[in-house]
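To start, the structure under review is shown below, and the notes come after it.
What follows draws every value from the coordinates through simple rules; no lab data is involved. Values in this document were obtained by computation on a predicted structure and should not be read as measured data. Glycine also receives a Cβ, built like all others from the backbone with ideal geometry; neighbour counts cover every protein chain displayed.
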Amino acid sequence: MNRLEGKVALITGGTSGIGAETARLFIAEGAKVVISGRSEEKGSQLADDLGNNASYCLSDVTKEDEIENAIKHTTNSFGKLDILFNNAGGPVGAGLEDVTQKDIDYGVHLLLASVILGTKYAIEPMRKNGGGCIINNSSIAGIRYRQGDPLYSALKAAVTHFTKMSGVELGKDNIRVNAISPGAIATPIFWGGSAVSNSLSKEENERKLQKLEGNLANAVPLKRSGLATDIAEAALYLSSQAGSFVTCQDIVVDGGRTAMFNEYSS
């Protein structure tokens, strides 16, 4: 396999869920990976489990200096940066009548500014390396009604549009920029957890996850839940030679969910 042999990747929000699965897959395909995130215990354990080709960097993407530091950590640890997966995110808002300025500020920093600043700080090392690949985790909430609250949905739409605009500008530097828009992927983010919610036992998390997978399976034509590995495989495609002519795109990975609803369907 070794589709990423010799490549170096930084994955934000890499300590659990989609980020952790992507880290595992990238390393299996020959890459060296920096996992960044706020959960030091989980990130350090994951990096240890993945071996010498993995490194953990404590980082909060709502803070610009920590985004910049994660980029520096990557180049200092492995000498370069080929792939940036701006994956960190989570629920941010409330109903339209209940949303607050605090919700808006946090949401903008977590979901949009982190992508813009991650891209900004990745440009120089990628340019020095002759090019690179940036992947932004967006959402079908950015293209369909009632797939997320209005704030979350608007910010994800902005991520997708920023992806296309930055891909145009960075094409001359051989830096490809794409988005992945997952549908409902079965992770404990649905009940406020990460890959394993600290507030619940392992058994409780597994029970909730199994129930969630069953519910999500009924919401898509393929009749199975989306998994973190499905998004990781899309990220691998975009990062590998197979995706070398793909840029400015939003890859929807949703089991057909968006095809079941028009823009204003419930």
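Exposure proxy shown here: for F85, F162, F261, F245, the number of other Cβ atoms within 10 Å sets the order, fewest to most, as F245, F261, F162, F85.
Amide hydrogen proximity for V252: with H placed 1.01 Å from N in the peptide plane, the residues at 5 or more positions away or on another chain lying under 5 Å are S181. Under 5 Å from the amide H of A54 lie the amide H atoms of V33, each residue being 5 or more positions distant or on a separate chain, with H modelled from the backbone and absent for Pro and chain starts.
Each of S138, A23, L4 was scored by the projection of its Cα onto the charge dipole of segment 1-148, and the greatest displacement toward the positive side belongs to L4; charges sit on the C-beta of Lys, Arg, Asp and Glu.
Name the shape class, rounded, prolate or oblate, that the alpha-carbon gyration tensor gives for segment 120-175, where a ≥ b ≥ c are the square roots of its eigenvalues, rounded holds for a/c under 1.5, and otherwise prolate holds if a/b is larger than b/c and oblate otherwise. Since a/c reaches 1.5 and a/b is larger than b/c, the shape of segment 120-175 is classed as prolate.
Using C-alpha pairs under 8 Å with a sequence gap of at least 6, the mean separation divided by the residue count of the chain gives a relative contact order of 19 percent. Taking a Cβ cut-off of under 13 Å around I27, the surrounding Lys, Arg, Asp and Glu residues balance to a net charge of -1, with basic ones at +1 and acidic ones at -1. Cα centroids of segment 81-116 and segment 1-40: how far apart, whole angstrom? After rounding, the separation between the Cα centres reads 21 Å.
Here the translational diffusion coefficient of the chain follows from Stokes-Einstein with Rh set to the Kirkwood radius across Cα pairs; for 20 °C and 1.002 mPa s it amounts to 116 µm²/s. Does segment 1-131 come out rounded, prolate or oblate, given a ≥ b ≥ c as the square roots of the eigenvalues of its C-alpha gyration tensor, rounded meaning a/c under 1.5 and, failing that, prolate meaning a/b above b/c? Cα axes put segment 1-131 in the prolate bin. Magnitude of the charge dipole for segment 1-160, about its Cα centre and with charges confined to Cβ atoms of Lys, Arg (+1) and Asp, Glu (-1), is about 580 debye. For the pair L222 and N76, a Förster radius of 35 Å applied to the C-beta separation gives a FRET efficiency near 0.25, rounded to the nearest 0.05. Computed over the chain, the per-residue total of -39500 (n - 2.57) for DSSP H runs of n ≥ 4 gives a 222 nm mean residue ellipticity of -13500 deg cm²/dmol, rounded to 500. A run of the chain free of exposed loop cleavage sites, with GluC sites (Glu not before Pro) counted only in DSSP states other than H, G, I, E and B and at most 11 other beta carbons within 10 Å, reaches its longest extent at 98-262.
Two decimals is fine: what is log10 I(q)/I(0) at q = 0.11, 0.12, 0.16, 0.18 Å⁻¹ for segment 80-175, from a Debye sum with one equal scatterer on every Cα and no solvent? So the normalised log intensities work out to -0.35, -0.41, -0.66, -0.78. Remark on V177: its backbone amide H falls under 5 Å from those of I134, C248, a criterion applied only to residues 5 or more positions apart or on other chains, H modelled at 1.01 Å from N.
In order along segment 6-15, the Karplus-derived 3J(HN,Hα) couplings, from 6.51 cos²θ - 1.76 cosθ + 1.60 at θ = phi - 60°, round to x, 8, 10, 10, 10, 10, 7, x, x, 7 Hz, and Gly and Pro are given as x.
Straightening the chain between V246 and K120 buys 43.3 nm, computed as 0.36 nm per residue apart minus the Cα-Cα spacing.
Among T15, T258, the ranking by other beta carbons within 10 Å of each residue's beta carbon, starting with the fewest, stands as T258, T15.
Projected over every direction and averaged, the convex hull enclosing the alpha-carbon atoms of segment 205-266 yields 5.8 nm².
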